[in-house]
1. Any residue in the range 106-118 that is at pLDDT below 75, open to solvent by 60 Å² or more (accessible area, probe 1.4 Å), out of contact with any Pro (no Cβ under 9 Å at 6 or more places or on another chain) and outside any helix (DSSP H, G or I)?
2. State whether the residues of the range 225-232 include one that is open to solvent by less than 50 Å² (accessible area, probe 1.4 Å) and modelled with pLDDT under 75.
3. Quickly run through the range 64-84 and pick out the residues that are open to solvent by 40 Å² or more (accessible area, probe 1.4 Å) and at pLDDT 80 or above.
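The values are calculated or read from the model by the stated rules, or taken from the named source; none is laboratory data. Being a predicted model, the structure only gives us computed values, none of them experimental. A quick note on method: Cβ atoms are made from the backbone with ideal geometry, for glycine too, and the neighbour counts reach across all protein chains shown. In case anyone asks, the SASA skips ligands and DNA or RNA and just uses the protein heavy atoms, side chains included. Shrake-Rupley method; radii C 1.70, N 1.55, O 1.52, S 1.80 Å.
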Amino acid sequence: MTAAVPLLPLRRWRPTSFALLIAATCLPMLLAAALALSLRAASDAVSHTAREHILVQVVEPMPQRREQLAGAVLTRLDRVEGVVAVRRVQEQEAEALVAPYIGGMKANDLPLPALIEVRARNREPVARALRTLPNVQVTAAGAELGPLSRLIGALRAVAFGVALICAAATGVIAMLSARAALAREGATLDILHALGATDRQMSQLVSNAVTRDAAVGALAGLLAAIVVIAMVGNRISALGAGIDPDLGVGGWAILIALAAALVGLAMLSAQATLLANWRRVP
């Protein structure tokens, strides 16, 4: 005879060491996910800089001729389609850039090139417009950021890998917890089975306790992750380097969804383990 009502819990529920293990896997998973989300914003900023920022150099030793060429460059840039902004770098700024590398020499004694910073949607029209001018070089200001962009991509991959490993560890821990529950409550479950309880009812009975432990652990891990992310974010903001550590509403929603998904993964892993175990029992 099949039981028609849900079975009562085997014993009064209290959080077990399984909840602590879930918290221990949830915390690094959420931190890795937060790092990946933050690095995505950093990668977008680096790509934007490398794509749109252009540096024009007028390499001419004669000051008068250099000023004439710089004026011609500015005139042509005004007519180039897709140019967003143009800024002539002041001589004081250029001198400050080279001052650490020339020892005791005076920067104003050197024939420094005239520097013009350009923001454009595409580098090719700018290069074509200035191609006929002598001693004018057009370079991508963000070309040297290529290694940094690749490093950020590698760090994102590592963060995603850590998150996936933590999720897999959660599934394994849930399966081991379910097997431990079988060993602990085996006699009681055999009696319930003899009284007519189905395999699915008994798997739900055990997996419910696993799910509650997973929920407690995931909540603890989420709260700990929020504290750590807030502390690190405050330190980054204090640097004043133009780095925005805020994950935004979407980022926090993703972290909460990941914590909830971890609970679902633990529940499904426990149920699958229990059902597979009882199917092997004649």
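1. Within the range 106-118, one or more residues are at pLDDT below 75, open to solvent by 60 Å² or more (accessible area, probe 1.4 Å), out of contact with any Pro (no Cβ under 9 Å at 6 or more places or on another chain) and outside any helix (DSSP H, G or I).
2. Checking the range 225-232: not a single residue is open to solvent by less than 50 Å² (accessible area, probe 1.4 Å) and modelled with pLDDT under 75.
3. GLN64, ARG65, GLU67, GLN68, LEU74, THR75, ARG76, ASP78, ARG79, GLU81 - these are the residues of the range 64-84 that are open to solvent by 40 Å² or more (accessible area, probe 1.4 Å) and at pLDDT 80 or above.
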